[in-house]
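J.: Pasting a structure here, questions to come.
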Number of protein chains: 2
Amino acid sequence: MPKVIGFKTTDVRFPTSRGLDGSDAMNQDPDYSAAYLELLTDDPKLSGYGLVFTIGRGNDLQCSAIELLAPYAVGKEVSELAKSMGEFAKSLVRDSQMRWLGPEKGVTHMAAGAVINAVWDLVCKVSGKPLWKYLADLSPQEIVDLVDFRYISDAITPAQALEILTKAQANRAKNETSLLANGLPAYTTTPGWLGYTDEKMVHLAKQAVADGFKLIKLKCGVSLEDDKRRLKLVRQAVGAEIKLAIDANQVWDVNQAIEWLNSLGDVNLHWIEEPTNPDDVVGHAAIAKAIAPVKVATGEHVANRIIFKQMMQSKSFSFVQIDASRVAGINENIAIILMAAKFDLPVCPHAGGVGLCEMVQHLAMFDYVAVGGENPDRVVEFVDHLHEHFVVPTDIRNARYIPPVKAGAGAEMFAASVSDYKYPDGPQWRGQIK
Amino acid sequence: MPKVIGFKTTDVRFPTSRGLDGSDAMNQDPDYSAAYLELLTDDPKLSGYGLVFTIGRGNDLQCSAIELLAPYAVGKEVSELAKSMGEFAKSLVRDSQMRWLGPEKGVTHMAAGAVINAVWDLVCKVSGKPLWKYLADLSPQEIVDLVDFRYISDAITPAQALEILTKAQANRAKNETSLLANGLPAYTTTPGWLGYTDEKMVHLAKQAVADGFKLIKLKCGVSLEDDKRRLKLVRQAVGAEIKLAIDANQVWDVNQAIEWLNSLGDVNLHWIEEPTNPDDVVGHAAIAKAIAPVKVATGEHVANRIIFKQMMQSKSFSFVQIDASRVAGINENIAIILMAAKFDLPVCPHAGGVGLCEMVQHLAMFDYVAVGGENPDRVVEFVDHLHEHFVVPTDIRNARYIPPVKAGAGAEMFAASVSDYKYPDGPQWRGQIK
């Protein structure tokens, strides 16, 4: 009967700005970081881990926010928590004084997500299952009970969610067999960072095709001429069969996005990602309409299920890019996955950063096995970066995510990585390790 | 030539939950608080003040967020800042690493607002003018230059804003004379807190009418029967001529809001405020359509100009309730005021809390003198609470806000109040002063 007895946060930062990995039109010099939470139990061998991905400054603030919400887990038995994860998640999100600071957005909301995910990590470890399998083994009603339907009942009711899950149940065994045999398709953003030279980009794009990727994404949005040239170079390098997507990371206004995209010429884009501000439901809908048949993708910065709901209601996007650490954890992501099924939209998770691949793959696999089933458009982002710090790193084979089998929810890092990259006093930041 | 040389934040909390002042359907036990910023200059008699209003827990986190952004002001001369407030505000909002934590929402965005407003306080003090007068004396182009049009250019361009301001310029002198003579109409929420007994509510409502208020607002949304009874009691107490508004503080889902409001019967409501989640542009539009002719008001929790823009584009509301400390300061509120003028909607500021009346009155007065001009629907919220802690408290006469004449932007508190209510170690919290 393990019990949560305390917690510890660490400000972990990787000095990625030194090599311009992760550079895009909005974020020129990110230091990929994690506000990292360890929930301690009375079993010294058992801890639960969660994190919020940030890009540097403010990671300490994010740790402080987590420390304000982690006490909700302390003193509770993991077995109790396992039975009431829906209520537990709600209790954090609905703390009325903390809610004022969002509501349900920004630092406090992401903090709730880290705490909720760390508890899930404990629940999975105690059960002996990886998160995707734990969730996929729950009954439809148990899954519905995880979701806070507040503010989304005009788009999906508990009864409708139950119906979707019950209908999908017939295919669970088949889907799980297929998942274990084949994994899920990944796409790669590794070649396309804006800070890279054309040569490096072309080289990495060819490498990606050789590695089996069918979809490659490039950053864009600083210079129209650069975008045209880069797209042309990559298209020449990879051939006509490979899908190309671009990602503007929110740099455009609505009309500017439309003009820019309609000036790119016929480059057969699979999607444009984050053309404008993530709060702009109406703007994304206007863009989607104006640039068809090119499709819009967004979600990594969409703050909560309420904005996702409206994007679905308004046909603002065609690809639902959930992120593992932006919303209030696994529970809110399940709400979004269920809405996507209701609106018949593919969930194509955002990943990269620190641990986002490791965490979000579980949600994509759960979606595949128990909610959305087969969908040719489901693809999970992959960036080949920083995985070596994770206890259960992603396992990509032939450009597919192979399901993890170890118990947990994915956020656990090696203790040595956490202490080496602790900011500002870990050895990597003191300069003692090169 | 005063120069900013440092800053100090204080976690100030008032134990309002003890008397249930400020209690509503969402926030049952708020401790009205301020994350309070003092910008220090090399003139020991000159400081600039800004604050974020919160309701208790997390106020320390809000102070930490302010400390991450206040350094942007340090080392700058006030005269330089005065010439480039538009650029200064942008520099905070666009810090790419901090932006990741929102973007433009939550704790980090409100922190930007506190810093920006504290700089405005300095600029006004050095100029010798209250903020409303300082802004109303700027040229149309100078006002346009204060605004970040990023993400709102599909609703208002700089040229359109300039046209609105230039057109309004002819009435500035007349409006200012009228403002100085008559002030601006206030409405009151003092009688309507949910924690109050019927007797207290009726007594305070009658008092409000005797004090000259023409619009009274009641909290609602916990019990339909209570809402019906309370509205009936207040209507009986105040007569048919007084306008009544209700405020649900986001407790309803969209369809629930529509059903509830359509079940209240014909009580001649002036507005329903915050019927659902403040991010729900589409939901507010659905509610507005379904409950007409009752009108929707919202804004105190609307995170930024992008959500406000969409609410205007989508006819989600009829009253634009800007808040002094929710968005990125005076600059972003000017953007919202200009959009409201473009969409021909009245700006009816949210106030109350800690210092919100003192700060937001300047924006309403600027709107009246230099932007929106005469508008019978413009009314500013007033809650008679905590004003005694402010160096320039609101001056309400015959239910109207009388314009402040002292220089500044309104957030400065008495040093004794700040130290008495400092949390957790000020004497009010240690129990030494009761």
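The values are calculated or read from the model by the stated rules, or taken from the named source; none is laboratory data. Everything quoted here is computed from the prediction, not taken from an experiment. Backbone-built Cβ (ideal geometry, glycine too); neighbour counts: all protein chains shown. These area figures cover heavy atoms from the full protein model, side chains too; ligands, DNA and RNA do not enter into them. Shrake-Rupley method; radii C 1.70, N 1.55, O 1.52, S 1.80 Å.
J.: Need one number: buried accessible surface between chains B and A, 1.4 Å probe, both sides summed, DNA, RNA and ligands left out, in Å² to 100.
T.: The B and A chains share an interface burying roughly 5200 Å².
J.: Can you give the calculated 222 nm mean residue ellipticity of chain A, where each DSSP H run of n ≥ 4 adds -39,500 (n - 2.57) and the sum is split over every residue, rounded to the nearest 500 deg cm²/dmol?
T.: -12000 deg cm²/dmol
J.: Work through the residues other than B:Gln97 whose Cβ is under 11 Å from its Cβ and net out their charges, Lys, Arg +1 and Asp, Glu -1.
T.: +1
J.: Springs between alpha-carbon atoms under 10 Å, Gaussian network over chain B: tell me which of B:Ile287, B:Ile116, B:Ile156 tops the mean-square fluctuations.
T.: B:Ile156
J.: Around B:Glu412, with a cut-off of 12 angstrom between Cβ atoms, what is the net charge of the other residues, counting Lys and Arg +1 and Asp and Glu -1? Walk me through the numbers on the way to the answer.
T.: Numbers: positive: B:Lys125, B:Lys406; negative: B:Glu38, B:Asp121, B:Glu358.
Value of the local net charge: -1.
J.: If the cut-off is a Cα-Cα distance under 17 Å, which aspartates and glutamates reach B:Lys8, setting aside same-chain residues fewer than 8 apart in sequence?
T.: Result set, ordered by chain and number: B:Glu38, B:Asp42, B:Asp43, B:Asp60, B:Glu67, B:Asp121, B:Glu412, B:Asp420, B:Asp425.
J.: Would you please give the residues with an amide H less than 5 Å from that of B:Glu381, counting only those at least 5 places away or on a separate chain, with H modeled from the backbone geometry?
T.: Excluding prolines and chain starts, which carry no amide H, the hits are B:Tyr187, B:Ala351.
J.: Rounded, prolate or oblate: which fits the range A:18-112 when a ≥ b ≥ c are the square roots of the eigenvalues of the alpha-carbon gyration tensor, with rounded for a/c under 1.5 and prolate only if a/b beats b/c?
T.: In terms of gyration-tensor shape, oblate.
J.: Compare the Cα positions of B:Ala118, B:Ala292, B:Ala341 along the charge dipole of the protein assembly as shown (+1 at Cβ of Lys, Arg; -1 at Cβ of Asp, Glu; about the Cα centre) and return the one farthest towards the positive end.
T.: B:Ala292
J.: Treating cross-link reach as a plain straight distance, find the aspartates and glutamates whose alpha-carbon is under 14 Å from the alpha-carbon of A:Lys206, omitting any fewer than eight places away in the same chain.
T.: Straight-distance partners of A:Lys206: A:Asp198, A:Glu241.
J.: Under a straight-distance cross-link criterion of Cα-Cα below 12 Å, which aspartates and glutamates are reachable from A:Lys289, leaving out those fewer than 8 residues away in the same chain?
T.: none
J.: May I ask for the net charge around B:Lys243, where only other residues with Cβ less than 10 Å from the Cβ of B:Lys243 are counted and Lys, Arg are +1 while Asp, Glu are -1?
T.: Spelling it out: positives minus negatives among the neighbours equals +1.
J.: Might you report the magnitude of the Cβ-based charge dipole of the range A:290-428 about its Cα centre, with Lys and Arg at +1 and Asp and Glu at -1, to the nearest 20 debye? Kindly include the intermediate steps, with their values, before the conclusion.
T.: Numbers: 11 positive and 15 negative charges, 103 e Å.
So the dipole magnitude of the range A:290-428 works out to roughly 500 debye.
J.: Here's another thing I want to ask about it. Between their Cα atoms, which of A:Lys83/A:Lys133; B:Lys3/B:Lys129; A:Lys219/A:Lys243; A:Lys243/B:Lys309 are more than 24 Å away from each other?
T.: A:Lys243/B:Lys309
J.: Which of B:Met85, A:Gln428, A:Ala303 sits closest to the plus end of the dipole of the protein assembly as shown, meaning its Cα is farthest towards the positive end, when Lys and Arg get +1 and Asp and Glu get -1 on the C-beta?
T.: Projecting each Cα onto the dipole axis, the largest value belongs to A:Ala303.
J.: Just to be sure I understand: with springs between alpha-carbon atoms less than 10 Å apart, which residue in A:Pro278, A:Pro393, A:Pro44 has the highest mean-square fluctuation in the Gaussian network model of chain A?
T.: Highest fluctuation of the listed residues: A:Pro44.
J.: Shifting gears a bit: Rounded, prolate or oblate: which one fits the range B:144-270, using the alpha carbon gyration tensor with axes a ≥ b ≥ c (rounded when a/c is under 1.5, else prolate when a/b beats b/c, else oblate)?
T.: Here the range B:144-270 falls in the oblate category.
J.: Which residue is it, in chain B, that holds its beta carbon closest to the axis of the B-onto-A rotation, and how many whole angstrom away?
T.: Nearest residue, distance rounded to whole Å: B:Gly106, 1.
J.: Right, next: Quick check for you: with a 1.4 Å probe and neighbouring chains kept, what is the accessible area per residue of the range A:297-434, in Å²?
T.: 30
J.: Compute the longest continuous run of chain B that contains no exposed GluC sites (Glu not before Pro); treat a site as exposed when its DSSP state is not H, G, I, E or B and it has at most 14 other Cβ atoms within 10 Å.
T.: Working: sites that count: B:Glu241, B:Glu374.
It works out to B:1-240.
J.: What are the distances, in nm and sorted shortest first, from the label point of B:Ser178 to the label points of the same position in each other copy, with each label point placed 7 Å from Cα along the Cα-to-Cβ direction?
T.: Ordered by distance, the counterparts are at 6.9 nm.
J.: For the range B:61-197, what is the accessible area per residue in Å² when the probe is 1.4 Å?
T.: Heavy-atom accessible area per residue stands at 32 Å².
J.: While we're on this one: If you roll a 1.4 angstrom probe over the protein chains with everything in place, what fraction of the accessible area of the protein assembly as shown belongs to carbon and sulfur, to the nearest %?
T.: On the way: 15250 of 29280 Å².
Ligands and nucleic acids excluded, carbon and sulfur reach 52 percent.
J.: Tell me which of A:Phe366, B:Val418, A:Gly48 sits at the most positive position along the dipole axis of the protein assembly as shown, charges placed on C-beta atoms (Lys, Arg +1; Asp, Glu -1).
T.: A:Phe366
J.: Still on this structure, I have one more. Every other copy gets compared here: list the nm distances from the A:Lys8 label point (7 Å along Cα to Cβ) to its counterparts, shortest first, one decimal.
T.: 3.6
J.: Where a ≥ b ≥ c are the square roots of the eigenvalues of the C-alpha gyration tensor, would you call the protein assembly as shown rounded, which needs a/c under 1.5, or, failing that, prolate if a/b is larger than b/c, or oblate?
T.: prolate
J.: Which residue, A:Ala290, A:Ala351, A:Ala303, has the most motion in a Gaussian network model of chain A that connects Cα atoms within less than 10 Å?
T.: Its mean-square fluctuation being the largest, the pick is A:Ala290.
J.: Gap in Å between the Cα centre of the range A:125-165 and the Cα centre of the range A:315-349?
T.: Here the answer is 13 Å between Cα centres.
J.: Nothing charged except the Cβ atoms of Lys and Arg (+1) and of Asp and Glu (-1): what's the magnitude of the dipole of the range B:90-244 about its Cα centre? Round to the nearest 20 debye.
T.: Here the size comes out at about 380 debye.
J.: Is there a quick way to get the dipole size of the range A:216-274? I mean about its Cα centre, with the Cβ of Lys and Arg at +1 and of Asp and Glu at -1; what is the value in debye to the nearest 20?
T.: Values: 8 positive and 10 negative charges, 65 e Å.
Here the size comes out at about 320 debye.
J.: Put a point 7 Å out from Cα along the line to Cβ at B:Phe343; what are the distances to that point in the other copies, in nm, shortest first?
T.: Here the equivalent label points are 2.0 nm apart from this one.
J.: Further question on the same structure: Estimate the FRET efficiency between A:Asp344 and B:Arg235 by the formula 1/(1 + (r/R0)^6), using the beta-carbon distance for r and 51 Å for R0, to the nearest 0.05.
T.: 0.60
J.: 5 Å is the cut-off here: which amide hydrogens, built 1.01 Å from N in the peptide plane, fall below it relative to A:Met413, excluding neighbours closer than 5 in sequence?
T.: A:Val391
J.: A further question follows. With θ taken as phi - 60° and the coefficients 6.51, -1.76 and 1.60, list the Karplus ³J(HN,Hα) couplings across the range B:4-9 in order, rounded to whole Hz; mark glycine and proline as x.
T.: Here the 3J(HN,Hα) series is 6, 10, x, 7, 8, 10 Hz.
J.: Amide H neighbours of B:Gln250 under 5 Å, counting only residues 5+ apart in sequence or on other chains, H built in-plane at 1.01 Å?
T.: Sorted by chain and number, the residues that satisfy this are B:Thr276.
J.: Of the cross-linked pairs A:Lys125/A:Lys174; B:Lys217/B:Lys422; A:Lys105/B:Lys45; A:Lys214/A:Lys295, which ones have a Cα-Cα span greater than 28 Å in the structure shown?
T.: Details: A:Lys125/A:Lys174 25 Å; B:Lys217/B:Lys422 31 Å; A:Lys105/B:Lys45 38 Å; A:Lys214/A:Lys295 17 Å.
In this structure, B:Lys217/B:Lys422; A:Lys105/B:Lys45 exceed 28 Å between Cα atoms.
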